[in-house]
Every structure is written in structure tokens, then in C-alpha cells.
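Q: Let me give you the structure first, and then I'll get to my questions.
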Amino acid sequence: MRHYETGVIIAPNLSDEEIDQQIKQMAEVIASMKGNLHREERWGKRKLAYPIKKFSDGYYVFLHYESEANVPAELERRFRQSDQILRFLTVKKETGQRRGLKKGKKEAEEAPQLGESAVEAAEEKEKSRDEEKTKVKESGAEFKEREKDRDKDKGKEVL
Amino acid sequence: MAKEEKAEKAQFKRFFPAKKKVCRFCQMDVREIDYKNVDILRRYVPEKGKLSPRRTTGTCSFHQRRLAQAVKRARIMALLPFVAD
């Protein structure tokens, strides 16, 4: 069993009842071949991006269902025979589990490693920083002492 | 002439470095792009109805592939034009 989504454009010159009948027929086909109709999306009349069979409007319907592969095949066979169906498109729906799982696993594996190495790196950085600081302090102290010496020398010279 | 232009461009780049573009689908954490989402697809097919390249939109390759697939499906269903003038 797979998830499919079939979109259909029905001719705009049909009455509401005829459109309802068309959709009912599709649902019956799905039901008769042991499919599960999950959802039926009706967009209603909508302007087409380009004319199809000299129609500038179309009635959009999308069916979401779960079934074996013979159901979309049968639906499409019927669509091809009918003049009232302007366009149809069946899309296999990704369940998304496979990819999601893979990504989740990768993250789970990589994340702790990354975290540890990052913490370690941060600690090392801090250590090196501290060392630098102490160095700076020491050099500063030395500098001050030297200055003192110089001052002393200067004083001597002046004296 | 050409040399001057090149120098000008280089200068321009130095003073106004290109802003780094980020894939908007990655930011929103979208996995699949649906062909029925015409409003989103419209942003990536300007004027002539051609799909804009990655270098202008900043979309990552993963999402650009999905986007191209979605636009092509939308064209079949007459949600987007094949050619617009």
C-alpha cells in the first residue's frame, strides 16, 4: 500500500451535480479496488495559467488516498477516455519516515561527538587565554620594574 | 574601457561585499516542496516563467531540485505557465 495524490482538472462547463458525480465515480473506483480515500480537496473553479482545450478556467479537485498501484492506473485510464477531464497528475507521496529517520540518526550520532569536541576546544582556549593573561601580567610587572629602574637612573643623573 | 570597468567592479566589491544568501527552505526546515503551493513557487519563477538559478536565490542544491520538480508539476496542472510574456 502506498500513498498517492491525484489532482484533476474538470471542465468548467459542467454543472455542480455533474462535477459531484465525477468525483463520486473516482471515489467509487478507489473503494472498489480496496483503496482508502483519506481526503478530498476541492479548490473549485480557478483560472488556468494557459488555455486547455479552449477553456480558460478549470475545476480543481485533489484526492489523497492509500492503495495498491493498480488504482491510480485505473483512474488514469478512465481520465484518458473522458472528455470532461482536462488534466490529471498523480504523485506518489513520500511518507517522509525514511529520510527523517536517516537524518535523525546522523544527528544523534554526530551531535554528542561534536558537543564533546567543542567543549574540549573551548576549555583549551580558556586555558591558553589564562596563560597569555599571566604572561601579560608578568611582562607588565617587568616593564614597571624597568621603568622604576630608569626613573632611579634618571634621578641619579639629575642629582 | 574594459580594464576600467573591471577595476570599478573590484572596488565596488571591496566596499560592498556581497551579502551571503541562505536557502529559505532550509531556514524554514521544509523537507518536501508541494506543487500546489503556487504562492511560494511564484517567488522562484519571475516574469518569463523561467525558474531562477541558485546563484540568484541562494537556494541549496537539495531544495533547488525539489523546487524544480514542483514547478514542473505545477506547469502540467496549469497552475504556472510554461511561457509567460
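Just so you know, all these numbers are worked out from the coordinates, no wet-lab data involved. The structure presented is a predicted model; accordingly, all values stated were derived computationally and were not measured. Methodologically, a virtual Cβ is constructed for each residue, glycine included, from the backbone with ideal geometry; neighbour enumeration extends over all protein chains shown.
Q: What number comes out for the charge environment of A:ILE85, summing +1 per Lys or Arg and -1 per Asp or Glu over other residues with Cβ under 11 Å away?
A: Local net charge: +2.
Q: Take every Cα pair under 8 Å in chain B that's 6+ residues apart, average their separations, divide by the length, and report that relative contact order as a whole percent.
A: 33 percent
Q: Now for a separate question. Provide, in order from the shortest bin, the percent of all Cα-Cα pairs of region B:1-67 in each 10 Å bin, continuing until the bin that contains the maximum pair distance.
A: Here the calculated profile for region B:1-67 is 17, 38, 22, 18, 5.
Q: Which stretch or stretches of region A:25-69 have amide N atoms under 16 Å from the point lying 7 Å from B:ASN37's Cα along the Cα→Cβ direction?
A: none
Q: With a cap of 16 neighbouring Cβ atoms within 10 Å, and only residues DSSP puts in a loop, list the trypsin sites (Lys or Arg not before Pro) found in region A:12-55.
A: Those satisfying the criteria are A:LYS34, A:LYS53, A:LYS54.
Q: Please go through region B:16-53 and write out the trypsin sites (Lys or Arg not before Pro) that DSSP classes as loop and that have at most 14 other C-beta atoms within 10 Å.
A: On the way: sites: B:LYS19, B:LYS20, B:LYS21, B:ARG24, B:ARG31, B:LYS36, B:ARG42, B:ARG43, B:LYS48, B:LYS50; in loops: B:LYS19, B:LYS20, B:LYS21, B:ARG31, B:LYS36, B:ARG43, B:LYS48, B:LYS50.
For trypsin sites (Lys or Arg not before Pro) across region B:16-53 that sit outside H, G, I, E and B with at most 14 neighbouring Cβ atoms in 10 Å, the list reads B:LYS19, B:LYS20, B:LYS21, B:ARG31, B:ARG43, B:LYS48, B:LYS50.
Q: Sort all Cα-Cα distances of region B:30-85 into consecutive 10 angstrom bins from zero, then give the percent of pairs in each bin up to the one containing the longest distance.
A: Whole-percent P(r) values from 0 Å outward: 25, 60, 14, 0.
Q: Could you give the angle, 0 to 90 degrees to the nearest 10, between helix B:2-15's Cα long axis and the longest principal axis of the Cα atoms of chain B?
A: Once rounded, one gets 70 degrees.
Q: Please work out how much length the chain gains when fully extended from A:ASN70 to A:TYR50, using 0.36 nm per residue of separation minus the C-alpha to C-alpha distance, in nm with one decimal.
A: That pair, A:ASN70 and A:TYR50, stretches by 4.1 nm at full extension.
Q: Return the FRET efficiency for the residue pair A:ASP20, A:GLU41: r is the Cβ-Cβ distance, R0 is 22 Å, and the value is rounded to the nearest 0.05. Can you show the working numbers first?
A: On the way: r = 15 Å, r/R0 = 0.67.
Efficiency computed from Cβ-Cβ geometry: 0.90.
Q: Can you sort B:ASP34, B:ASP39 so the residue with the fewest Cβ neighbours within 10 Å comes first?
A: On the way: B:ASP34 16, B:ASP39 6.
Ordered from fewest to most neighbouring Cβ atoms within 10 Å, B:ASP34, B:ASP39 come out as B:ASP39, B:ASP34.
Q: With θ set to phi - 60° and the Karplus curve 6.51 cos²θ - 1.76 cosθ + 1.60, what are the ³J(HN,Hα) couplings of region A:53-60 in order, to the nearest whole Hz, using x for Gly and Pro?
A: 6, 6, 9, 9, 10, x, 9, 8
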